[in-house]
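Okay, structure first, notes after.
The values are calculated or read from the model by the stated rules, or taken from the named source; none is laboratory data. These numbers were taken from a predicted model, which means no experiment stands behind them. Glycine also receives a Cβ, built like all others from the backbone with ideal geometry; neighbour counts cover every protein chain displayed.
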Amino acid sequence: MSTDIDTLPAPTATAATAVTARASALAPGEMSTGAKVFAFASMCVGMFIALLDIQIVSASLRDIGGGLSAGADETVWVQTAYLIAEIIVIPLSGWLARVMSTRWLFAASAAGFTITSLLCGIAWNIESMIAFRAAQGFLGGSMIPMVFTTAFAFFQGRQRVAAAAIIGALASLAPTLGPTVGGWITDNFSWHWLFFINLVPGIFVTIAVPMLVKIDEPDWSLLKGADYLGITLMALFLGCLEYTMEEGPRWDWLGDPTILTTAWITGLAGIGFLWRSLTFKNAVVDLRALKDLNFALGCFFSFVTGIGIFATIYLTPLFLGQVRGFSALQIGLAIFSTGLFQVLSIPFYSYVANRVDLRWLMMFGLALFAVSMWYFAPITHDWGGAELLLPQAIRGMAQQFTVAPTVTLTLGALPPSRLKQASGLFNLMRNLGGAIGIAACATILNDRTNLHFLRLAEHLNIRNETMTAFLNDATSHAAGLNNEVIDGNAAALKQLWALTMREAHTLTYADAFLAIFVCFVIATLMVPLMRKVDAPAAPSADAH
């Protein structure tokens, strides 16, 4: 009789020592439930810190740039370098796990992530910081998909549903909490501690995982017949795509020669990678898994969920900083409610997931996400934490009811032999959705702000009595301070321009949230196309 994973007591120090001593010699089917839970939890720690570091610097880029004497254009690469490296390694992780085995790849990745976190914290200039962040992203990204595959190797039935709920929570909670944690650390300590906080959990994971996790054996012979051309094409495709998506909105897209070049490389390398993956026998990424309707739809839902999670994480702090002028800590506190309500919804999801068809839970989650975006749409210039509470609370619940069932429905019925590579592709789609969603929202902010400003300016003429009264009051006030009417007129016009631009920005953020709303409405309507999933029988030790 299966036991729900979230009802198990935490192992004591003595029990953990015993588990550690036994687990290294046991296959998943022979391990006790306690050993599996402890091993799974150890891997979840690695996944969480890798995902947390995606956004932990987002609210502190100004402080990092100031500390390293770097401009805004250089500092943005502290985040971009991490994202590019991570998005390249995620689909590679399945093949790498087959070569090195899950436990040794995870341990090596955790060790490297810990070392590069230390190097980021002691970086001496912006160039060294960017290089260390790229290495950190590459090493951290490989840990993420392996948690998914290990959960399906360890658990069955109700335990698997609960494990998927935990993974779903971490996958969306960590990036959501990133700005909050980062803002608090920067305000109370220094930006260096954004990276130093990874050291203790990183060392723990590096030691624990090799001792606890043994679900497969390394196969170094795979290096001999590996598809190195496919790996190269994939790296060019994903790296240039991420760069184009990140930098395109800032540099007028194809109007910039560098963006035009990377866009061409993206297109050509993408076509080459697609051809290679479908024709080469041992392709590094299993695109053939997309023939399975559930898997293809699951990747689409993962893509849309990535848009929702990462784009709203991008928009909300940007609004609070640009329109409200909030500090990093104030931004973190204002958006903290999303993570809180997601955590609170985990027990409820775990209860209903064993009693309700997961397709309808996912449909509910996607629809709830659309509702939250609809509630964001009436945003005004004085919205803060109180006004954001309801839409963010709804979004927190929506993330839990969207990500967790998508994981189970997409990966739950795949045979173990295809799970590793398919998991990498599934996770890649979420990150791609995030990259494209952020780029689309940034483009909306750039293009629609000017449009809204011009529309508002059309009403600011001499026939507008409210505007005339405002200018007279502002001119009188400014002239009284400066004793010059000319300076008073200029100050009043400048103040009017700032107010108009503020309202234009606010209207543009509403447009971006509505665009995300449309994506989730479309995804919600597509859920009935998925078929119900019956989990396969527990895999044997040699199946991995």
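So here's what we get for this one:
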{"read-out": "Qualifying residue in segment 164-174 (condition: among the hydroxyl-bearing types (Ser, Thr, Tyr) and touching a residue at least 60 places away in the same chain (Cβ under 8 Å))", "value": "yes"}
{"read-out": "Counted residues, segment 265-306 - those being under 23 Å from ASP227 (Cα atoms), more than 22 Å from the chain's Cα centre (by Cα) and assigned to a helix (DSSP H, G or I)", "value": "19"}
{"read-out": "LEU118 being aliphatic (A, V, I, L, M) and either buried (at least 21 other Cβ atoms within 10 Å of the Cβ) or modelled with pLDDT under 85 (or both)", "value": "no"}
{"read-out": "Cross-chain or 6+ apart pairs with Cβ under 9 Å, segment 503-532 first and β-branched (Val, Ile, Thr), then outside any helix (DSSP H, G or I) and at pLDDT below 95", "value": "THR506/VAL323; THR506/ILE379; THR506/THR380; THR506/HIS381; THR506/TRP383"}
{"read-out": "Tally of residues being in contact (Cβ under 8 Å) with a residue 60 or more places away in the chain and in a helix (DSSP H, G or I) across segment 322-341", "value": "10"}
{"read-out": "Condition met for ALA72 (closer than 30 Å to LYS214 by Cα and of a type in the set (Gly, Ala, Ser))", "value": "no"}
{"read-out": "Pairs where the first residue, in segment 307-318, is within 16 Å of TRP383 (Cβ to Cβ) and assigned to a helix (DSSP H, G or I) and the second is modelled with pLDDT of 90 or more and charged (D, E, K, R), C-beta under 8 Å, 6+ apart", "value": "THR312/ARG395"}
{"read-out": "Selection count where residues are aliphatic (A, V, I, L, M), buried (at least 19 other Cβ atoms within 10 Å of the Cβ) and in contact with a Cys (Cβ under 9 Å, 6 or more places away or on another chain), scope segment 290-317", "value": "4"}
{"read-out": "Matching residues, segment 345-359, being touching a residue at least 24 places away in the same chain (Cβ under 8 Å) and in a helix (DSSP H, G or I)", "value": "SER345, ILE346, PRO347, TYR349, SER350, ALA353, LEU358, ARG359"}
{"read-out": "Selection within segment 143-179 - among the polar types (S, T, N, Q) and buried (at least 24 other Cβ atoms within 10 Å of the Cβ)", "value": "THR149, THR150, SER172, THR176"}
{"read-out": "Hits in segment 483-518 - residues which are modelled with pLDDT under 85 and of a type in the set (D, E, K, R)", "value": "GLU484, ASP487, LYS494"}
{"read-out": "Residue that is small (Gly, Ala, Ser), at pLDDT below 85 and in a helix (DSSP H, G or I), where the choices are SER128, SER172", "value": "SER172"}
